[in-house]
Structures are given as C-alpha cells and as structure tokens.
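As structure tokens, the structure follows; a few thoughts come after it.
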Amino acid sequence: MKRISHPNQLNEWKEEIISNLPSYRKTVVISSGTCGQASGSLQIIDAFEQELEKKDLKNDIGIKITACHGFCEMEPNVIIQPAGIFYKQLKPENVPEIVEKTILQDEIIPSLLYEDPATKQKIEIQTEIPFYRRQKRFLTDNNFKIDPTLIEDYIANDGYQALAKVLFDMTSEDVIDEVIASGLRGRGGAGFPSGRKWKFCRDVRADVKYIICNADEGDPGAYMDRSLLEGNPHSVIEGMIIGAYAIGATEGYIYCRMEYPMAVKNVSIALEQARKYGFLGESILGSEFNFRIHIFKGAGAFVSGEETSLMASIEGRRAFPQQRPPFPAESGLWGKPTNINNVETWANIPMIINKGAEWYSEIGTRTSTGTKIFSLVGKINNTGLVEIPMGMTLREIIFDVGGGIKDNKKFKAVQTGGPSGGCIPADMLDLPIDYDTLAKAGSIMGSGGMIVMDEDTCMVDVAKYFLNFTQEESCGKCVPCRIGTRQLKEMLTKITEGHGEEGDIEKLQDLADAIKSSALCGLGQTAPNPVLTTLKYFQEEYEAHIKEKSCPALVCKELIVYFIEPDKCVGCLLCKQSCPVDAISGERKQVHVIDQALCIKCGACFDVCPKKLMAVSKYTGKKKEKIIKQSSQKKN
Amino acid sequence: MENKIKQSGNRQNELVHILHEVQERFGYIPPERLAEIAKKLNISESEIYGVLTFYKAFSLEPGGEHTVTVCMGTACHVRGGQQITDEMERKLDIKVGQTSADGKFTLETVNCLGCCAIGPVVTVDGKYYSHATMKNIASILKEY
Ligand SMILES: Cc1cc2nc3c(=O)[nH]c(=O)nc-3n(C[C@H](O)[C@H](O)[C@H](O)COP(=O)(O)O)c2cc1C
Ligand code: FES
C-alpha cells in the first residue's frame, strides 16, 4: 500500500482491509497492555499460539492481541469471539482446556468465569458483566478490536474518516464551531471548553503555531491516558491532526511520561505508520494541509504536566511554570501560539466529527457533555478503567460499576483529582459527577483518578501522603508552594506522630488558605485541597489524632500497636518467622508475644497471620498505652 | 552519542533527548561528558547541570546492577506501598536512592506506573511484579 492521496483511496483501502480479513470461526482476543503483561499475558499468548499450532487450528481460530480492556483486576483475561465469552485471571495451564472445551466444543469452563461479588453469580458474556454493562464505552470500545501496532485495524474501524471529512468538507471555522457545539471540555484537569481554546489560538496571527498533546499523566492513580495511547494511539493522533487543521498549526508534540514505555513505543509505531500512509507530513490525504508530529519523552517531574512547564521541558529547560497571561494560545512553545490538550480530549475529537456535535452533546449533563474515563482503584472490588457518561452518581460508579468495597468493608471516602483534588465522604455518594459538582464539593475532576478508601484508610495520613507528594514535586520557583507545602507536611507529620497540639487545625486551615491564594501555578494553588477537604469532612479524625493521640483507622504507626491475642494464637510460628527484627517470642504451639520495645510496626505479623485465626490485632489510644506498659512490665 | 550531538546542532531542545540517550547507554550521566554535550549544543555546562538535576530520570552516579522500583502512587499507597518500600529498605539494608553494599541493587520509588489496578507494583529492571506483599518481596529479589 502506498500513500493515501485522496479520501476515495482511504475508502478503497478500508474495503480492501475488510474483505481480506481472514474468516476465522472463532477469535481469541487477548488484552496485553502494561497491566496485562505485568500479570502474565505474554505467557498466555504463547500458550494459545502453541496450542493452536499443535492442534492444527491456526487457519481456523484467530488470535487478536490488543492493549488494555480496562478490567485490569482480572488480567490476564481473554474474550472468545463471536460469542463474547470472558475468562479471567488465566494461567498458561488453563489454555489447553480452553481450546479443547470452549473453542472446539462450545463448552463453558465455570471456574474461569467472572463471579459477581454482589450476587455470587457467574457471568459468561463479557458485555453482561456489571462492570462493563453500566459503561458507555465510546472512546474505549476500539480497545477491544484493535491491535495498536496495526494501522489497518484502525482503518477498518473507521479510522481517519473524520480527518478526511474535515480536510475536504469542512472549513477550519466549521471544525471549531462543531467542537464548541459539542460542549467538549478539557479532560486534563481544569475542564476548559476545548472549542473556545482552539478559537483563541486560531485567532492569533503567526507564521508558526504548535499543537501539544499532554500525555504526562502525573496524577498517581490515574492511567486512562496510558490506556488510550497504548490501545488506540491513532485516535489521539487523528484528533491532533484535526485540531492542527482547525487552528492552523504545522507542528505538534506528544509529551509522554517516561514511566509509560509501552505507550511511548505504540505511539512511535503509530506515528511512523501515519507518516508512511500520508496522514502526516506534506499534503495530507492529497489536501494542501501539512502537519508533523514529534514524540517527546518526559523525564520524571510531576510539574511538567502543567502546561507552561511542559513547554519549558520540550525546549530543553527545567520544567518551571510561568506566570499566565500570556496564555499559550498567544505565546507558548518558543514564544509561538500553542494549543495544548490532554490525551483524552484529543481522542474525543474524531468521534465528535464522525457522529456530530448534536449526538455528542446529548451524552452527559448540560454543562459537562460526553463520557469520561475514570480509573477506579484502591479498596474497590472491580478495579480498572471505566468510561461512563458524565452525571452518573458516585454511588452508581462505586457500587454498580465498581462492585462495591473490597472484603465487605465500609466505604469511607473517594479521592478524586489526584494531588490537586480532595476526598469526598460517604454522605455525598449521591452526587452526580461532573466538573461543576466536584468543584462545589471542594475537589476537582482532574484527570479522572478515583481512589476509593475504606474504613481502614486514615484521612490524616492521606492528606500527609499528598502533601508529601506535592512538597517533593514542587519545583521551588515560588515561595508559597516551596515553603508552604513543606510546613503543611511537617504539621501533618507532627499530628500523625502524636505530637499534635490544640490550635493545629486552625493553623492548618490558615496556612492552606494562604498557599491557595498566592502560589504561582496550579500545583501550588491546588496543593492544599487534600488538606482542606479532609478537614472539612473528617475533622473528627484530626481531633482524635491531636486530642486522644489515637488513629481511629489504625494506620499511623506511631499511634498504634500490634498485639497477639492470647486466646486466638495457636502458636504456628508464622508471625515469628516473618518478623524482621525478632520482636516476637514463643515456641511452637505456645502463644506468641510481641516485645513492644523492639517492634517497628512493619505489619508483617498482621499480614501473615492466617485469615481464619486473625490473632494479630491493632490497637490505638488508651488500649495501646496499656499494652505497651504490660509489655515492658513483663520484660522486667 | 557523537552523532546525535552533531545532528542536533546548537539547539537546547535536544538536551533532554540526549540526556535520555546517555543515561540509557551508561546507566548514568558520566560527569566528564557534560563538557562535550555543552560544547556541541552551545549551551553552558551549568545549564546542563541544572536541567539534569531537575529531572528524576537522570543521575550523575552509576547505579547498581539492577534497579528495583517501588510504586508510591496513591493507588499503591492505599494498598500498602509504603510497607513494601520499608521492607525493601530493610531487606537490602539501604535507603531509597541508594545502592546495596554488594552493588547489586539500587532502590528507587516512582509516583505511578499506570498499573494502579494491580498494586502494589514493583519493577526490577523494567519487569513488572503485581500485588507485591511483604511476603513475596524476598522471592522477587531472589530472581536476580
Ligand atoms: C501541577 C499540574 C500538573 C498537571 N498535569 C497534567 C497532566 O499530567 N496531564 C494533563 O493533561 N494535564 C495536566 N495539567 C493541566 C495542564 O496544565 C493543562 O491544563 C491541560 O493539559 C490542558 O488540556 P485540556 O484542556 O485538554 O484539559 C496539570 C496542571 C498542573 C497545574
Ligand atoms: S499508583 Fe502504583 S501503579 Fe499507579
């Protein structure tokens, strides 16, 4: 195949690809993104290859290797098409049985099916699993169908059709009007209307303009951008080319975080292919439009996700943020007008063009249209990526899609928006999620991380965790952020270590407010949010730490003890052997005892004690003091 | 490397890219290379020093034979990532950022590897280990 130099050729190519598709009786779709590979998907692929070879089924049964399907907890998993049978958490040993029974004899293997934690029912078909059924997978549906290293797969699924439409049937104004009418808002954090941002940049006169795709995905716990780039890189690239046409840019950058090697790889392959077939470069699809995209690998700094820092980083400098205005639309990369959008924002564009703004704006809420991908992680049953229409309530997301809290524990809070966001408590579970409701609750949408926390999570510890994060990631350019976040972190550390004093809560509040109003960039301005929201919704937990020197969630090391319950311990030696500091004494079949003076509270004994015994407990407050006293008396 | 520098001419915009290449090739940025890079890019050595110390990706000292990285992202944190780091520090008898006495392991942390659903996550030389526990750390290290 040579360069495509006319939309008709694109359609001919598409027809050709579709008519040449091998007519397999069945296809095994294997998800093999980063999570998949981390869980052993490569061995599963090998096992299927070998088994099909051995049984001489290679011409009859296909294997399709895709990236992430989103249900990462169940990796490695496969879907057997066309029936759509879903098998989870596979081991290579399972493969011969799958081939023999399911593929050759249409027999289901119950032990490999997903079991709904709520109903205990086994579910055969992937689309009927509640995790998937409640989603609206417009952006992520192609992740089931596409081998990201094959541009043909993208073309066969209507790839680059939106680009052809834009280049030949629409003016740049039309494109911008369509994006404005869709109501699309930026998926990278602040939720700025994308069409309006494009228009600003379009309206600036300049010889050179740039487009940037922000793939720095710094929010720890969010990974939808990784999944899109790994699983369907051409959709992001197509979105960028359309944006470039609308704005009048000739060059673009994808700034991808270095912690995502597979995303960097798949994007690089996709760029190469797009150039080869004429979707990038000179005279795209035979039109008069020229556009190039480069990939830039980040170097491990959270602040470089902030747009002005990101541009400094591309220029080869330290990723320091800059005062805005001027906004990047006027003066961005190398002082030229620049439009930057997040990965997911770009991925929405081809869909908006293909299906139209009217269709798009019907999804979601009035002020937040479309779907949003959330990463549902933490103490939740169905962890993974979920794409849902804006406006779904937290309860639906966490309990219906997410299957509720792990081990039947109690839900305590959900953290959204990463280090810039906040914790939302249980009594706000019926909040419909969109940009505005989350902001009203004191948090933000951010990039879509949702970290679910149960009763065993200490909210003061969570605040400390985030402040530790922002303090380490502060670039140090402005004082409120550099000094302020350190002071916040030190105060939180003091409280979690049991040295909190009367008045600390007010001091935290004042300091947080001061940083919020005076920091230079978004990092500092939002860094206090985790503290402010936990203070607002979980003040009693702070008070317990400060006044009673106790950690109700039994997390803060300095405030708890581990204790072996004499009436439950059977003397199995497991904890004794696992203790890294030999703090546990006791012979086989005798009750074991922890020497509290030696204990470093690593939690190893708690983890290894068999679940059916649960002989190791944690205590805080007065009970803790009593246990320590008893332990030292016993020694003397 | 020589080639890369020549190609990039006088442009600072190649700096991060070049540093990545040098880091990948040597496992660190040998300080004696700075002058060379500075000359070729026509920027000052102190500018390069400023950039390379700003980013976590680059190091001026060689690391151990293997790099152990523990994820300290939020999702891994709520599933006990800190305990994993603590245990690694004890097992290797070093602190994060250091290399074990026998030169075998360098211990690092990272703020999210994007596999948050299968945490806590540990990588060794880029190989992923999911659902790390205090119990299985020893067997991970034993592989090397
Ligand atoms: C400290 C900080 C970190 C950020 N990190 C990211 C990031 O990792 N990815 C991202 O898309 N946007 C990030 N942003 C937001 C960007 O500055 C910018 O608003 C965004 O890329 C615009 O794209 P959008 O309009 O499509 O959302 C960050 C902002 C701040 C203040
Ligand atoms: S938080 Fe550890 S991989 Fe994302």
task = Sequence neighbours fewer than 8 away in the same chain don't count; with that in mind, list the lysines whose C-alpha is under 24 Å from A:LYS58.
result = A:LYS26, A:LYS88, A:LYS91, A:LYS101, A:LYS145
remark   = The answer for the net charge of residues other than B:THR123 whose Cβ lies under 10 angstrom from its Cβ, with Lys and Arg +1 and Asp and Glu -1, is -2
inquiry  = Filter A:LYS409/B:LYS135; A:LYS120/A:LYS557; A:LYS568/B:LYS95 down to the pairs with a C-alpha to C-alpha distance above 28 Å, please.
reply    = A:LYS120/A:LYS557; A:LYS568/B:LYS95
key: Gain upon complete extension [A:ASN11, A:LEU573; 0.36 nm per residue less C-alpha separation]   = 195.4 nm
key: Proximal charge balance of A:ALA181 [Cβ under 11 Å; K/R count +1, D/E count -1]   = -4
request  = About the Cα centre of the range A:2-50, how large is the charge dipole given +1 on each Lys and Arg Cβ and -1 on each Asp and Glu Cβ? Please answer in debye to the nearest 20.
outcome  = 100 debye
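Please order A:SER361, A:SER41, A:SER631 by the number of other Cβ within 10 Å, starting at the fewest.
A:SER361, A:SER631, A:SER41
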remark   = On each of the three principal axes the extent of the alpha-carbon atoms of the range A:170-209, given in whole Å and largest first, is 30, 22, 10
request  = For A:GLY298, enumerate residues with amide H under 5 Å from its amide H, sequence gap 5+ or separate chain, H modeled in the peptide plane.
outcome  = A:CYS256, A:ARG257, A:MET258
remark   = The FRET efficiency for A:THR119 and A:LYS58, from their Cβ-Cβ distance with R0 = 41 Å and rounded to 0.05, is 0.60
query = ³J(HN,Hα) across the range A:210-217 via Karplus (A = 6.51, B = -1.76, C = 1.60, θ = phi - 60°), whole Hz, x for Gly/Pro?
reply = 10, 10, 10, 9, 7, 10, 7, 5
query = Straight-line reach from B:LYS40: which lysines have Cα under 19 Å away, leaving out those fewer than 8 places along the same chain?
reply = B:LYS4, B:LYS6
Shielding score for B:51-62, defined as the mean number of other chain Cβ atoms within 10 Å = 4
task = Please report how far the C-alpha centroid of the range A:180-229 lies from that of the range A:38-96, rounded to the nearest whole angstrom.
result = 36 Å
remark   = The ratio Rg/Rh over the Cα atoms of chain B, Rh being the Kirkwood inverse mean 1/r radius, stands at 1.06
note = If every Lys and Arg gets +1 and every Asp and Glu gets -1 at its Cβ, then about the Cα centre chain B yields a dipole, in debye to the nearest 20, of 300 debye
task = Provide the net charge surrounding A:ASN157, with neighbours chosen by a C-beta distance below 15 Å and charges set as Lys +1, Arg +1, Asp -1, Glu -1.
result = -3
remark   = For the range A:303-418, shape from the Cα gyration tensor axes a ≥ b ≥ c, cut at a/c of 1.5 then a/b versus b/c, turns out oblate
request  = List the DSSP H helices in chain A whose Cα atoms stretch 24 Å or more along the helix axis and whose mean Kyte-Doolittle hydropathy is at least -1.0.
outcome  = A:479-496
remark   = Given Cβ charges of +1 for Lys and Arg and -1 for Asp and Glu, the option among A:LEU511, A:ILE627, A:VAL28 whose Cα lies farthest towards the positive end of the dipole of chain A is A:ILE627
request  = Rank the residues B:GLU108, A:GLU506 as a footprinting-exposure proxy: fewest other Cβ atoms within 10 Å of their Cβ go first.
outcome  = A:GLU506, B:GLU108
task = For A:LYS547 and A:THR367, compute 0.36 nm times the residue count separating them, minus their Cα-Cα distance, and round to one decimal in nm.
result = 60.4 nm
task = Provide the per-residue ³J(HN,Hα) series for the range A:117-124, in order, calculated from phi with Karplus coefficients 6.51, -1.76, 1.60 and θ = phi - 60°, each as a whole number of Hz, with x at glycine and proline positions.
result = x, 7, 9, 6, 8, 8, 10, 7
task = Among A:ILE247, A:LEU150, B:GLY63, flag the residue with its Cα farthest along the positive direction of the charge dipole of the protein assembly as shown, charges on Cβ as +1 for Lys/Arg and -1 for Asp/Glu.
result = B:GLY63
Amide hydrogen neighbours beyond the local backbone of A:TYR210, cut-off 5 Å, H modeled = A:THR338, A:ASN339
inquiry  = Looking at the range A:44-106, I'd like the Rg to Rh ratio, where Rg is from alpha-carbon atoms and Rh is Kirkwood's inverse mean 1/r.
reply    = 0.94
query = Hey, got the average number of other protein chain Cβ atoms within 10 angstrom for residues in B:99-112?
reply = 2
request  = Restrict the search to the range A:399-501; then list the trypsin sites (Lys or Arg not before Pro) that DSSP places in a loop and that have at most 10 other Cβ atoms within 10 Å of their Cβ.
outcome  = A:LYS410
remark   = Projected onto the charge dipole of the range A:371-454 (unit charges on the beta-carbon of Lys, Arg, Asp and Glu, signs +1, +1, -1, -1), the Cα from A:GLY446, A:PHE411, A:PRO389 with the largest positive-side position is that of A:PHE411
note = Long-range alpha-carbon pairs in the range A:97-162, meaning those over 19 Å apart, account in percent for 55 percent
request  = Could you list A:HIS545, A:HIS294, A:HIS592 in order of exposure, starting from the residue whose Cβ has the fewest other Cβ atoms within 10 Å?
outcome  = A:HIS294, A:HIS592, A:HIS545
request  = Convert each backbone phi in the range B:94-110 into a coupling constant with the Karplus relation 6.51 cos²θ - 1.76 cosθ + 1.60 (shift: θ = phi - 60°), then list the ³J(HN,Hα) values in order as whole Hz, x for Gly and Pro.
outcome  = 9, 9, 4, x, 9, 10, 5, 4, 7, x, 7, 10, 10, 9, 9, 10, 9
message = Checking a compactness column here: for chain A, what do you get for Rg(Cα) / (2.2 N^0.38 Å), N being the number of residues?
response = 1.06
ask   = With a ≥ b ≥ c the root eigenvalues of the C-alpha gyration tensor of the range A:151-361, is it rounded (a/c under 1.5), prolate (a/b larger than b/c) or oblate?
value = rounded
request  = Taking the Cα centre of chain A as origin, sum charge times position over the Cβ atoms of Lys and Arg (+1) and Asp and Glu (-1), and report the length of that vector in debye to the nearest 20.
outcome  = 1640 debye
inquiry  = If you take each beta carbon of peptide B:133-141 and count the beta carbons of other chains within 10 angstrom, what is the mean?
reply    = 2
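Laboratory data are not the source of any read-out in this text; all were calculated from the coordinates shown. Because the structure is a prediction, the values reported are computed rather than measured. No Cβ is skipped: glycine too gets one built from the backbone with ideal geometry, and neighbour counts run over all protein chains shown.
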